[in-house]
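Each remark here refers to the structure printed beneath this line.
Every number in this text was worked out from the coordinates using simple rules, so none of it is lab data. For clarity, every value in this text was computed on a predicted model and none was experimentally measured. Cβ coordinates were reconstructed from backbone atoms using ideal geometry, including for glycine residues, and neighbour counts include every protein chain displayed.
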Amino acid sequence: MSCGPPIGETRPVVAARPGTRVFAGTVVGDVMDVVTTIADLRAALAPARARGAAVGFVPTMGYLHDGHLTLARWARRDAEVAVASIFVNPTQFGPDEDFSTYPRDLERDRALLADVGIDLLFAPSVEEMYPTPLRTFVEVPHLSSILLGAMRPGHFRGVATVVAKLFGIVQPSRAYFGEKDYQQVMVIRRMVQDLSLPVEIVPVPTVRDADGLALSSRNVYLTADQRRAALRLNQALAEAKTAVERGITNPAALEDHVSRFIAEEPLAKIDLVAVRDADTLADPGDQLPDRILVQLFVRFGRAQLLDHIVIPRPDGGGR
């Protein structure tokens, strides 16, 4: 079973596949079915499964932006049947986080997904996904407890559990995840590997606005001043790449350099600047690894923003 290419590698932009397509045994155009129950989803997919159709799956929490739609375009290109889900999952939010205020707009999202050619949208309620108190969890202990996981205890357990449940419901051939959530992709890949789940995990490069800010549903929280200040993140990643190319070799020194650069922006509140091995998330010690991950988690007002870069070691050690 393949889990897809290494995270952080450059891949081409993909457009939605034009024309009609076959779903549930019927040729359709711009029609997208929306279902809210597990039983209805399984019934809708049954004809496609009977003929052995490949299913591409894009799990989201909604309030979609072009990053999500890029995932949907990849699924539309790769699979005979493209499925997306919208579910704001309460088990991945901490008690003081923004579950109740997380932005939601199902009708807007439905129209956007239909426009890029998604065949089927699964939009369950919390009661549908968790009809009784949850007593079973999926956890990838080490990868879930470091970096962002250390600051958000239980977050990746909630992510792994809901993704495993969605995989069991949808049974996709491939599932698409944005690389902006780099650690999340690593957690899900390890879960799939360890549990021998028959799904290929396809990481899709981060999508950015023209000014370099990584797209995020939480960007809606930013004021105009905070939005301008948040550009410091992409600038800091470029600064990290320049520092590596100029010969910095000590991970702690690189972390300090990037932290000081971000701290020059007064609206930025740093939660995390970390240099890790991009393939394992391991602390590299006193020498930069072959593929260098620089991971940022920085707050601007209410918005908690993630960003990262993967830098090949300039002496040729990177792949």
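Fewest first, what order do Leu197, Leu113, Leu134, Leu45 take by the number of other Cβ atoms within 10 Å?
Ascending number of Cβ neighbours within 10 Å: Leu134, Leu197, Leu45, Leu113.
Assuming R0 = 45 Å, what is the FRET efficiency of Arg42 and Arg246, from their Cβ-Cβ distance, to the nearest 0.05?
Step by step, r from the Cβ atoms, then E = 0.20.
Compute the Kirkwood hydrodynamic radius of the stretch 132-201, taking the inverse of the mean of 1/r over all pairs of distinct Cα atoms, and give it in Å to one decimal.
Here the Kirkwood hydrodynamic radius works out to 12.4 Å.
Near the amide H of Thr206, under 5 Å away, which other amide H atoms are found, from residues 5 or more places off or on another chain, if H is placed in the peptide plane?
For Thr206, whose amide H was placed from the backbone, the distant partners under 5 Å are Glu179, Lys180.
By counting other Cβ atoms within 10 Å of each Cβ, how are Ile118, Ile146 ranked from fewest to most?
If I rank by nearby Cβ atoms, fewest first, I get Ile146, Ile118.
Normalising by the residue count of the stretch 21-204, find the relative contact order in percent from Cα pairs under 8 Å and 6+ residues apart.
27 percent.
What are the ³J(HN,Hα) values, in whole Hz, obtained from phi via the Karplus relation 6.51 cos²θ - 1.76 cosθ + 1.60 with θ = phi - 60°, for each residue of the stretch 283-295 in sequence order, with x given for Gly and Pro?
Per-residue couplings from phi come out as 5, x, x, 9, 9, 4, x, 4, 10, 9, 9, 10, 10 Hz.
What's log10 of I(q)/I(0) for the chain at q = 0.09, 0.10, 0.14, 0.15 Å⁻¹, Debye sum over Cα points only, no solvent?
Per q value, in the given order, log10 I(q)/I(0) is -0.47, -0.58, -1.13, -1.28.
In degrees between 0 and 90, to the nearest 10, how far off the longest principal axis of the chain does helix 251-263 point, with axes built from Cα atoms?
80
Taking a cut-off of 23 Å, what percent of all Cα-Cα pairs in the stretch 21-204 are separated by more than that?
39
From Cα pairs below 8 angstrom and at least 6 apart in sequence, can you work out the relative contact order of the chain, rounded to a whole percent?
About 18 percent, as a whole number.
So which GluC sites (Glu not before Pro) in the stretch 229-282 pass both tests, a DSSP loop state and at most 14 other Cβ atoms within 10 Å of the Cβ?
The qualifying sites are Glu264.
Compute the angle between helix 182-194 and the longest alpha-carbon principal axis of the chain, please, reported from 0 to 90 degrees and rounded to the nearest 10.
The answer is roughly 60 degrees.
In what sequence, highest mean first, do 275-283, 158-166, 137-145 appear when ranked by Cβ atoms within 10 angstrom?
Ranking, from highest mean packing down: 158-166, 275-283, 137-145.
Run down the lysines and flag those whose C-alpha is under 26 Å from the C-alpha of Lys165, throwing out any fewer than 8 positions away in its chain.
Lys180
Test of the criteria: in the stretch 219-319, which chymotrypsin sites (Phe, Trp or Tyr not before Pro) are in a DSSP loop and have at most 12 other Cβ atoms within 10 angstrom of their Cβ?
In loop regions of the stretch 219-319 (DSSP not H, G, I, E or B), there are no sparsely surrounded chymotrypsin sites (Phe, Trp or Tyr not before Pro).
To the nearest 10 degrees, how steeply does helix 155-170 sit against the main Cα axis of the chain, on a 0 to 90 scale?
Roughly 30 degrees between the two axes.
Please state the shape class of the stretch 170-319: rounded when a/c is under 1.5, otherwise prolate if a/b exceeds b/c and oblate if not, all from the C-alpha gyration tensor.
Oblate is the answer for the stretch 170-319, as a/c is 1.5 or above yet b/c matches or exceeds a/b.
Would you calculate, for the chain, the mean residue ellipticity at 222 nm contributed by helices, counting each DSSP H stretch of 4 or more residues as -39,500 (n - 2.57) and dividing by all residues, to the nearest 500?
Using -39500 (n - 2.57) per qualifying helix, the result is -10000 deg cm²/dmol.
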